[in-house]
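The values are calculated or read from the model by the stated rules, or taken from the named source; none is laboratory data. Since this is a predicted model, take the numbers as computed values, not measurements. FYI the Cβ positions are ideal-geometry reconstructions off the backbone, even for glycines, and counts take in every protein chain you see. Just so you know, the surface numbers come from the protein's heavy atoms only, side chains and all, with ligands and any DNA or RNA stripped out. Shrake-Rupley method; radii C 1.70, N 1.55, O 1.52, S 1.80 Å.
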Amino acid sequence: MSNRILAIALAIFIASPAMAQDLTYIKAGRMVDVVDGQLRIDQTIVIRGDRIERVGSASGIDIPAGAQVIDLSNATVLPGLIDMHVHLTGDPETQGYANLAASVPRNALFGAANGRRTMNAGFTTVRNVGAGGYADVALRDAINNGDVVGPRMRVAAHSLGVTGGHCDNNFLPAEYGAKGGGVADGPWEVRKKVRENAKFGADLTKFCATGGVLSKGTSVGAQQYTLEEMAAIVSESHLRDRKVAAHAHGTEGIIAAIQAGVDSVEHASMIDAEGIRLAIVNDTFLVMDVYVSTYILEMGESAGFLPESLVKERLVGQVQRNNFRKAHEAGVRMAFGSDAGVYPHGNNARQFAYMVEYGMTPMEAIQAATVNAAELLGWPGDADLTRT
Ligand code: ARG
């Protein structure tokens, strides 16, 4: 597993077409082994093409004369980090009503700049949980094609949501006909929306189980989809081998999403003891964005956040952090997710300090952003490699 994770980072940082088939050796003075949760001294990492072939003690791995060597003997080497909750095509400059003026192509181009920022910040894989007009699909494909620099992306395309819910667009009066691309009501409509997303390139499904902070006119704690609708979304997505991420702040919505079989609950702000118990029993990951509250409340209306959003943020922000601590202590599996896009891309790592403040060891926080996140992604087609 560690090789897979390291491969993600190094594939992107190191591989170039000219040396794709060659071996590269990295001398690591210290290496964070995220699988065993250890800091290892004097390691050598052997890379073939864009994959790590071997990792082991420097004394046990000979480096042939003339080989390509990257000497990080004086550094600590860390696998590429994974952020499971970002919106690369969303720009913090366009919050609230300003967002209405950004076209889909403009958002895709924001994404190109934000992808580079995210990569440069050490996040080499992201899960993009919602974008309009398939801008995220286009960005993923452009990155994979080498047109622009950015992290590996898994994308959700349109977030599914009920009419008037958190994943709809509620900013304009009826005569403008504004509607979120993922709006679908009832079991068959939601199945159709999952199929449509898949048809046009989505890798996973994201839906809004409850209201949210930044949407207009939604109650942050209120459940929006019924259990029946959530179960239909999950079954249709899993039929297509696609994981499901549920946005849920409110207690009942979190429980329903877990009962419906989602792979991860995003935010999980008001999770109670029953939600925590169910997450453990069902092996559900929580992806709790415990930094972003600080940014939203510091920036306030100057960043374009609606006054109602600030009221809602004050309701959930601290509660979410306290519940992060409880869920972690109880043993719920956690993956790192920041909601970058609400705040500037590239600052993703700010969340680590909050995860540690609310109960994780630094190693656990790093594991949430590496091995745990990789498990939640379910890396298709990536084999484990020899580890010495
Ligand atoms: N996108 C999320 C929403 O609008 C942001 C929530 C941020 N607040 C928090 N405490 N995590 O609901």
Subject >> Long-range neighbours under 6 Å by Cβ, at least six apart or interchain, first residue of a type in the set (D, E, K, R) within the stretch 202-221, second in a loop (DSSP other than H, G, I, E, B) >> reply: K206/V129; K206/G130; K206/A156; K206/S159; K216/N170; K216/F171
**OP:** Filter the stretch 343-370 down to residues that are more than 24 Å from A273 (Cβ to Cβ), under 13 Å from the mean Cα position of the chain (by Cα) and open to solvent by less than 20 Å² (accessible area, probe 1.4 Å), then give me how many there are.
**Re:** 5
Subject >> Restricting the stretch 240-274 to residues that are part of a helix (DSSP H, G or I) and open to solvent by 60 Å² or more (accessible area, probe 1.4 Å), the residue that is nearest to the ligand (Cβ to nearest atom) >> reply: E252
**OP:** Return only the number of the condition from (1) out of contact with any Leu (no Cβ under 8 Å at 6 or more places or on another chain); (2) surrounded by fewer than 24 Cβ atoms within 10 Å (Cβ to Cβ); (3) at pLDDT 95 or above; (4) not in a helix (DSSP H, G or I) that R106 does not satisfy.
**Re:** (4)
Original post:
When F352 is evaluated against the numbered criteria (1) free of Cβ contacts under 8 Å to residues at least 60 places away in the same chain; (2) more than 16 Å from the ligand (Cβ to nearest atom); (3) closer than 22 Å to L88 by Cα; (4) not polar (S, T, N, Q), which criterion, by number, is the only one it fails?
Top reply: (2)
Original post:
Applying the selection to the stretch 205-233, what residues are open to solvent by 10 Å² or more (accessible area, probe 1.4 Å), more than 16 Å from the ligand (Cβ to nearest atom) and either outside any loop (DSSP other than H, G, I, E, B) or within 18 Å of G181 (Cα to Cα) (or both)?
Top reply: L227, E228, E229, A231
Original post:
On the given criteria, is Q224 among the polar types (S, T, N, Q) and within 20 Å of V332 (Cα to Cα)?
Top reply: no
**OP:** Sort out which residues of the stretch 312-326 are more than 10 Å from the ligand (Cβ to nearest atom) and surrounded by fewer than 22 Cβ atoms within 10 Å (Cβ to Cβ), and write them in order of number.
**Re:** N322, R325, K326
Original post:
For the stretch 34-51, what are the residues that are closer than 16 Å to A365 by Cα, modelled with pLDDT of 95 or more and open to solvent by less than 70 Å² (accessible area, probe 1.4 Å)?
Top reply: G37
Subject >> Single match in V332, V290 (criterion: away from the ligand (no atom under 16 Å from the Cβ), at pLDDT 95 or above and open to solvent by less than 60 Å² (accessible area, probe 1.4 Å)) >> reply: V332
Original post:
Going by the conditions given, is R277 closer than 23 Å to N169 by Cα, more than 16 Å from the ligand (Cβ to nearest atom) and open to solvent by 10 Å² or more (accessible area, probe 1.4 Å)?
Top reply: no
Original post:
Take the residues of the stretch 161-191 that are among the aliphatic types (A, V, I, L, M) and more than 19 Å from A222 (Cα to Cα): which is most open to solvent (accessible area, probe 1.4 Å)?
Top reply: A174
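Residues checked against (1) open to solvent by 30 Å² or more (accessible area, probe 1.4 Å); (2) acidic (D, E); (3) touching a Lys or Arg at 6+ places or on another chain (Cβ under 7 Å):
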| position | (1), (2), (3) |
| --- | --- |
| A121 | yes, no, no |
| V126 | no, no, no |
| G132 | yes, no, no |
| L139 | no, no, no |
| G146 | yes, no, no |
| G150 | no, no, yes |
**OP:** Kindly indicate whether any position in the stretch 83-99 is open to solvent by 10 Å² or more (accessible area, probe 1.4 Å), over 20 Å from H247 (Cα atoms) and in contact with a Phe, Trp or Tyr (Cβ under 7 Å, 6 or more places away or on another chain).
**Re:** yes
Original post:
From the list G337, G346, which one is closer than 21 Å to V86 by Cβ and within 15 Å of the ligand (Cβ to nearest atom)?
Top reply: G337
Original post:
With respect to the numbered conditions (1) small (G, A, S); (2) touching a strand residue (DSSP E or B) at 6+ places or on another chain (Cβ under 8 Å); (3) farther than 27 Å from V194 by Cβ, which one is the sole condition not fulfilled by S302?
Top reply: (2)
